[in-house]
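Reviewing the structure listed below.
Read the figures in this text as sums done on the coordinates, not as results from a lab. This structure is a prediction, so every number in the text was calculated from the model and none was measured. Here the Cβ is made from the backbone with ideal geometry for all residues, glycine too, and neighbour counts use every protein chain on show.
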């Protein structure tokens, strides 16, 4: 990103990257707020909903791709050879990369959310709000980018 900007590419061309970096910094701050003393200054419902939202955003696509590939492997569905049903070596590489980049952090945010919920009295409906909000954010980003 900095390389492109230094060589004359406009900030508009890097908008998606800038958005992704900002969202990642926000999720890191949420994770830290769940375990650091300064995090007690943030309302617990915001932290819990944010952790669940971050987990949902990062797990929805890898889980969906896992389900689709499982259906294809069992013969319940025919591959389209593009997107999440791509069964070529490139598709499997992308599947592994998806889990490494999104799935693993998503699982870690899920564990952080479960740990925070066990330590902090917060109404459970904030979990649902976080999951719905995170999934809606993912859909909105898909529309914005796509």
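In whole Å, how far is the Cα centre of the range 131-146 from that of the range 22-81? Comparing the Cα centres of the range 131-146 and the range 22-81, I get a distance of 12 Å.
Considering only 73, 48, 30, the mean-square fluctuation computed in a Gaussian network model of the chain, springs between alpha carbons under 10 angstrom, is largest for 73. The slack between residue 125 and residue 36, meaning 0.36 nm per residue of separation minus the straight C-alpha distance, is 29.7 nm.
Under a Gaussian network description of the chain, with springs only between Cα atoms under 10 Å, the residue in 23, 51, 129 that fluctuates furthest is 23.
State whether the chain is rounded, prolate or oblate according to the following rule on the C-alpha gyration tensor (a ≥ b ≥ c being the square roots of its eigenvalues): a/c under 1.5 gives rounded; otherwise a/b larger than b/c gives prolate, and the remaining case gives oblate. Oblate.
Take the Cα of residue 77, step 7 Å toward its Cβ, do the same at residue 145, and the gap between the two points is 1.9 nm. Length available on full extension from residue 93 to residue 19: 0.36 nm per residue minus the Cα-Cα distance, which gives 24.1 nm.
Quick check: the angle from helix 44-73's long axis to the longest principal axis of the chain, C-alpha only, nearest 10 degrees? Compared with the principal axis, the helix lies near 20 degrees.
Does anyone have the angle between helix 125-145 and the longest principal axis of the chain? Alpha-carbon axes, 0 to 90°, nearest 10? Tilt of helix 125-145: around 40 degrees. Its DSSP H runs of at least 4 residues, each contributing -39,500 (n - 2.57), put the calculated 222 nm mean residue ellipticity of the chain at -23000 deg cm²/dmol, to the nearest 500. Compute the helix-to-body angle for 104-119: its Cα long axis versus the longest principal axis of the chain, expressed 0 to 90° and rounded to tens. Compared with the principal axis, the helix lies near 20 degrees. Given the options 82, 40, 69, which has the most mean-square fluctuation in a GNM of the chain, springs set between C-alpha atoms less than 10 angstrom apart? Its mean-square fluctuation being the largest, the pick is 82. Placing a pseudo-label 7 Å from each Cα along the Cα-to-Cβ vector at residue 85 and residue 45 gives an inter-label distance of 4.2 nm. Full extension of the segment from residue 63 to residue 111, taken as 0.36 nm per residue of separation minus the current Cα-Cα distance, would add 15.7 nm.
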